[in-house]
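The values are calculated or read from the model by the stated rules, or taken from the named source; none is laboratory data. All of these numbers come straight from a predicted model, not from anything done at the bench. Neighbour counts are summed over all protein chains in view; Cβ atoms, including those assigned to glycine, are modelled from backbone coordinates with ideal geometry.
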Amino acid sequence: MATERIDLAGLGLAFGEASSVEGTVAVDDVVLGGQGYRVEPPEIPFRLDVSRTSTGYALRLRFDTVIAGPCFRCLEAASVEVPIDAREVDQPETAFEDPGEGPTGEGAEAGSPYVDSAAVLDLESWSRDALILALPERILCSPDCPGLCPYCGKSLAGADPEEHRHGEGGDPRWEKLRELG
Ligand SMILES: [Zn+2]
Ligand SMILES: [Zn+2]
């Protein structure tokens, strides 16, 4: 069973103490550029390090996952390893020495958005956000994927370049088509 929430208070840590929690977390598929990408494995092993600070918790979450889906350039199957190493500090009772200097109003609380007032961590939401932040700019089947032929739309990976010259070198009919396209 994948872990959804972790009761930090339930770890019973005193100020200065640290502990770590291991388990698995499930992250929903992500949509990039209108295409769906699977997050593998369905249950990802994670390690969460928890340190008790004076007024809250310092958290470090690590897991390794693979994103699988169509290559951004050629649409063939691609998969990319995405290592996650994320940190959060939850210090909900932080007191500013000079209130004039610190953030005001609601913002004065330095609580983590993933930790509720009962010190329960929303591991699932944090894992998903951390994954989105860690995604590469583009997902490619290989770093030097040549993409699709601009003339015929076929994948250029492993193709004979001669096949995709399409009359380059002066066939005026292709020039005409290019203008129309
Ligand atoms: Zn590709
Ligand atoms: Zn071509």
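Being surrounded by 14 or more Cβ atoms within 10 Å (Cβ to Cβ) and at pLDDT 95 or above is not true of residue 30. Restricting 128, 62, 73 to those that are in a helix (DSSP H, G or I), among the basic types (Lys, Arg) and either closer than 19 Å to residue 4 by Cα or at pLDDT below 95 (or both) reduces the list to 128. Of everything listed in (1) at negative phi; (2) out of contact with any helix residue (DSSP H, G or I) (no Cβ under 6 Å at 6 or more places or on another chain), the single unmet condition for residue 25 is (2).
Sort out which residues of segment 91-118 are surrounded by 11 or more Cβ atoms within 10 Å (Cβ to Cβ), over 21 Å from residue 27 (Cβ atoms) and at pLDDT 85 or above, and write them in order of number. Selection gives 91, 111.
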